[in-house]
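Just below is one structure, and these are the notes that go with it.
Just so it is clear, none of the values below were taken in a lab; they were calculated from the coordinates. Since we're looking at a predicted model, the values are computed, not measured. Virtual Cβ from ideal backbone geometry, glycine too; neighbours counted across all protein chains shown.
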């Protein structure tokens, strides 16, 4: 039994060493310690009230960064599904409706959710500078009693 | 019984091998692009998944993401090959305890996050189903770790 524990320990130590070594030589290495989260900048987020105004005016594009299943279960009325996890697959279908200056609002769900922030970053890389994200978007929108839809269509 | 043990060993080891590979090389499966993966170890996605569990201390999430898949790879590989069977099953048992605790933590806090169990290959979220599946794997791992070796211990070991 003691030998089994020694071997188990050897597996853990060797695995950890392999991992540290592979990460050290990988061109896509990540830092050993998780960097602190980027502070949210005011110009990155949109207040629910302003999002509602944009929505009512029909000038803003709402993009749902969550999975298609979450989108189908309920989304902001008129929002288009653009799951950030499958961005490359979905973006080509959505690109034709966006212009570089279009006000875009990305959202996901939950205070801790960073899908919308990541979607915002991807879109900014592509030159869509007028994109912001609605923190806790789905819950906030739903709780405010604003119009929502279910299903896979906007 | 021997056959059952062999099958369980291959299933458990195979699952660990597959999940380790999916995490380390960031394997992605999509309808449009098919199977894509990084040709070098790329743990950024998995590190984000680990961070999303919000298990303190936050700073150590990357270290877990860097080392854990390789321990899975080694333990799963050894179990499949039938080398150090009990020891690798013991390591997998310990990992399953860690996974169950992490998923339990996320469920208890109501986090709506991706499991990350197989990297991004499965979009499964944490929840009762993920807990049940991991509990089943835990039982298999305990069974393989605690049963006696097939071969009797060589007599020479008991001699002075």
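Averaged over peptide A:20-31, how many Cβ atoms belonging to another chain are found within 10 Å of each residue's Cβ? Please report the intermediate quantities before stating the final value.
Values: counts 4, 3, 9, 10, 2, 2, 7, 5, 8, 6, 12, 5.
Rounded to a whole number, the mean comes out at 6.
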**Request:** Sort the following peptides by mean Cβ neighbour count (other Cβ atoms within 10 Å, averaged over residues), highest first: B:108-120, B:17-29.
**Result:** B:17-29, B:108-120
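Run through every distinct alpha carbon pair of the stretch B:70-142 and return the Kirkwood hydrodynamic radius in angstroms, one decimal place.
12.9 Å
Could you please tell me the mean projected area of the C-alpha convex hull for the stretch B:1-110, averaged over all directions and given in square nanometres to one decimal?
Values: hull surface 35.0 nm².
Across all orientations, the stretch B:1-110 yields a mean hull projection of 8.7 nm².
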**Item:** Cα pair distances of the stretch B:1-49 binned at 10 Å [whole percent]
**Value:** 24, 37, 24, 14, 1
**Request:** Enter the mean number of other protein chain beta carbons within 10 Å of the beta carbon of each residue in B:56-67, as an integer.
**Result:** 5
**Request:** Restricting things to alpha carbons, find the Rg to Rh ratio for the stretch A:1-70 using the Kirkwood radius for Rh.
**Result:** 1.34
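First measure r as the distance between the Cβ atoms of residue B:129 and residue A:101, then evaluate 1/(1 + (r/R0)^6) with R0 = 45 Å and state the FRET efficiency to the nearest 0.05.
On the way: r = 44 Å, r/R0 = 0.97.
Efficiency, from the Cβ-Cβ distance: 0.55.
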**Complete:** Scoring the stretch B:1-89 by relative contact order with C-alpha pairs under 8 Å, at least six apart, yields a percentage of 35 percent
**Request:** Return a whole-number percent for the relative contact order of chain A, with Cα pairs under 8 Å and 6 or more residues apart as the contact set.
**Result:** 26 percent
**Set of the stretch B:1-44 residues, backbone N closer than 11 Å to the point 7 Å along the Cα-Cβ line of residue B:81** = none
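Based on a Kirkwood Rh over C-alpha pairs, give the Stokes-Einstein translational diffusion coefficient of the stretch A:96-154 at 20 °C and viscosity 1.002 mPa s in µm²/s. Intermediate values should be presented prior to the final figure.
On the way: Rh = 12.4 Å.
The calculation lands on 173 µm²/s.
Averaged across orientations, what area in nm² does the convex hull of the alpha carbons in the protein assembly as shown project? Could the numbers behind the result be given before it?
Details: hull surface 76.6 nm².
Here the figure is 19.1 nm², rounded to one decimal.
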**Request:** Return the whole-Å distance between the Cα centroid of the stretch B:107-144 and the Cα centroid of the stretch B:12-62.
**Result:** 14 Å
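How well do other chains shield peptide A:75-85, expressed as the mean number of their Cβ atoms within 10 Å of each residue Cβ? Please report the intermediate quantities before stating the final value.
On the way: counts 0, 0, 0, 0, 0, 0, 0, 0, 1, 0, 6.
The mean count of partner-chain Cβ atoms within 10 Å per residue comes to 1.
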**Request:** Compute the long axis of helix A:48-57 from its Cα atoms, compare it with the longest principal axis of the Cα atoms of chain A, and write down the angle in degrees, 0 to 90, nearest 10.
**Result:** 50 degrees
**Message:** More than 27 angstrom separation, counting every C-alpha pair in chain A; what % is that?
**Reply:** 37 percent
**Message:** Sort B:44-55, B:123-134, A:142-153 by the packing proxy (mean of other Cβ within 10 Å over each peptide's residues), most packed first.
**Reply:** B:44-55, B:123-134, A:142-153
**Separation in nanometres of the label points that stand 7 Å from Cα toward Cβ, at residue B:36 and residue A:1** = 5.1 nm
**Prompt:** Given a Förster distance of 51 angstrom, what is the FRET efficiency for residue B:5 paired with residue A:150, based on the Cβ-Cβ distance and rounded to 0.05?
**Reply:** 0.60
**Fill in**
The rounded separation in angstrom of the Cα centers of the stretch A:1-51 and the stretch B:65-106 is 17 Å
**Prompt:** To the nearest 10 degrees, how steeply does helix B:128-146 sit against the main Cα axis of chain B, on a 0 to 90 scale?
**Reply:** 20 degrees
**Request:** Pairs of Cα atoms under 8 Å, at least six residues apart: use those to get the relative contact order of chain B, whole percent.
**Result:** 28 percent
**Message:** Let's test this: bin the Cα-Cα distances of the stretch B:30-86 at 5 Å from zero up to the farthest pair and state each bin's percent.
**Reply:** 4, 16, 17, 17, 16, 17, 11, 3, 0
**Complete:** chain B, Gaussian network, Cα under 10 Å: of B:90, B:63, B:79, the residue fluctuating most is B:63
**Complete:** Taking Cα atoms, the helix A:2-25 axis meets the longest principal axis of chain A at an angle in degrees (rounded to 10) of 50 degrees
